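Heads up, the thing below is written out as structure tokens.
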Ligand SMILES: [Zn+2]
């Protein structure tokens, strides 16, 4: 039994971490791909920069033109990410406990819940970005 628990309890957090890394990476890469060419919110052409300099180049524009987006993209987002990671950690602990008491179905459910949480986060980010864009369009019309 221990032979099964040890690799499985290692696998789940690594799996969850990999999903989160991927979600964070794709989000960042999406931003990095778009920022050098134009702004993610208003589509305004921004000066070209290397990936490391995008923060410097894109930062002032976002800070002045889209303060709402800027605030969301910096501190509260990191806090939310921590909250989600904490939730996944709890799910993982419960899942391992369920594995120890040999409840495979609940263990799989725990893993699936972690995965769907990561997907939900990805979806939430996309929706948030969309709402910022539509809000920007609204303010342009008025
Ligand atoms: Zn903009």
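Nothing in this text is a laboratory measurement; each read-out follows from the coordinates by a stated rule. If you're wondering where the values come from, they're calculated on a predicted model, not measured in any experiment. Quick reminder, even Gly has a Cβ in these numbers, built from the backbone with ideal geometry, and neighbours come from all protein chains shown.
The simple spin-label model puts a point 7 Å past each Cα toward its Cβ; for residue 131 and residue 18 those points are separated by 3.2 nm. Taking 0.692 mPa s as the viscosity and 37 °C as the temperature, the Stokes-Einstein diffusion coefficient of the stretch 53-142 based on its alpha-carbon Kirkwood radius rounds to 209 µm²/s. When 114, 102 are sorted by how many other C-beta atoms sit within 10 angstrom of their C-beta, beginning with the fewest, the order is 102, 114.
Between residue 101 and residue 80, the modelled labels are 3.4 nm apart [label points 7 Å from Cα along Cα→Cβ]. Neighbour counts of C-beta atoms inside 10 Å place 125, 63, 98 in the sequence 63, 98, 125, starting with the fewest. Modelled spin labels at residue 57 and residue 93, positioned 7 Å past Cα toward Cβ, are 4.5 nm from each other. Counting neighbouring beta carbons within 10 Å and listing from fewest to most, the residues 82, 129, 89 come out as 82, 89, 129.
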